[in-house]
Amino acid sequence: IIIPCKDMYGNLIGIRQRNLDEYAIENYGKYTVYTDLLSNIMYKFPSSKVLYGLYENLEKIQECRQVILFEGEKSVLKSKTLFGDNDISVASFGCNLSQYHLELLKSLGVETLIFMYDREIEERILKKMEKVYNPRNKYVSKSFHLYFSYGIRIFLMFLASCSFSYYHSIKETS
């Protein structure tokens, strides 16, 4: 599956591919940078500076002041099928959200960020949350503290099959 990636202004900045072959997935990952086999040109771009689907859903995101954040581009494409013109989803090309992403979302007026990550990373995220929300522990996980410093409400939802299994609503407690 070939996935063109655009910046928030609609300019094509790179191309990724969704591997379907088990060998390719195990050795290279589900999503990789597309390389043209004839010219050997790699269509690489800085994914820490781009949110997939932002250009397509920008108007609705600004209107609703909310974003649903998926790991992969395929989830954004599915979301578009479900919600049509009411889609507020983007993807972070994996489970990492950069400081640049947060600054960008805040500059667009986003007040609520809904993480919709796969169940495979649920345990890792919840462990980070324990560090943030354990009142006896003075250590605060940098990643979650960063979200709060931007004044963005956080919701975590984990996907099981094609449905939402449950969610965690997060508030900063200090």
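The values are calculated or read from the model by the stated rules, or taken from the named source; none is laboratory data. Model, not experiment: these values are computed from the prediction. So basically every Cβ, Gly included, is an ideal-geometry build from the backbone, and we count neighbours across all protein chains shown. Please note that ligands, DNA and RNA were not included when accessible areas were found on the heavy atoms of the full protein model with its side chains. Shrake-Rupley method; radii C 1.70, N 1.55, O 1.52, S 1.80 Å.
Enumerate the pairs (first residue in region 90-105 and in a helix (DSSP H, G or I); second residue anywhere and modelled with pLDDT of 80 or more and open to solvent by 20 Å² or more (accessible area, probe 1.4 Å)) with beta-carbon separation below 7 Å, excluding pairs fewer than 6 apart on the same chain, so at least 6 apart or on different chains.
Cβ pairs passing all conditions: TYR100/SER48; TYR100/LYS49.
Can you tell which of GLY53, GLY14 is at pLDDT 90 or above and closer than 20 Å to TYR117 by Cα?
Of GLY53, GLY14, the one residue that is at pLDDT 90 or above and closer than 20 Å to TYR117 by Cα is GLY53.
Yes/no per residue for (1) in a helix (DSSP H, G or I); (2) without any contact (Cβ under 8 Å) to a residue 60 or more places away in the chain; (3) open to solvent by less than 20 Å² (accessible area, probe 1.4 Å); (4) aliphatic (A, V, I, L, M):
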site: ILE3; (1), (2), (3), (4): no, no, yes, yes
site: ILE13; (1), (2), (3), (4): no, yes, no, yes
site: LEU20; (1), (2), (3), (4): no, yes, no, yes
site: THR32; (1), (2), (3), (4): no, yes, no, no
site: LEU37; (1), (2), (3), (4): no, yes, no, yes
site: ASN40; (1), (2), (3), (4): no, yes, no, no
site: TYR55; (1), (2), (3), (4): yes, yes, no, no
site: VAL76; (1), (2), (3), (4): yes, yes, yes, yes
site: THR81; (1), (2), (3), (4): yes, yes, no, no
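Determine whether region 158-165 contains at least one residue that is at pLDDT 60 or above and part of a loop (DSSP other than H, G, I, E, B).
For region 158-165, residues at pLDDT 60 or above and part of a loop (DSSP other than H, G, I, E, B): absent.
Would you mind stating whether LEU51 is free of Cβ contacts under 8 Å to residues at least 40 places away in the same chain and either open to solvent by 80 Å² or more (accessible area, probe 1.4 Å) or under 14 Å from the mean Cα position of the chain (by Cα) (or both)?
Answer is no for this residue.
Provide a single number: the residues in region 57-74 that are over 20 Å from SER107 (Cα atoms), outside any loop (DSSP other than H, G, I, E, B) and open to solvent by 10 Å² or more (accessible area, probe 1.4 Å).
1
Can you spot a residue in region 38-45 that is under 15 Å from the mean Cα position of the chain (by Cα) and polar (S, T, N, Q)?
No: region 38-45 contains no residue that is under 15 Å from the mean Cα position of the chain (by Cα) and polar (S, T, N, Q).
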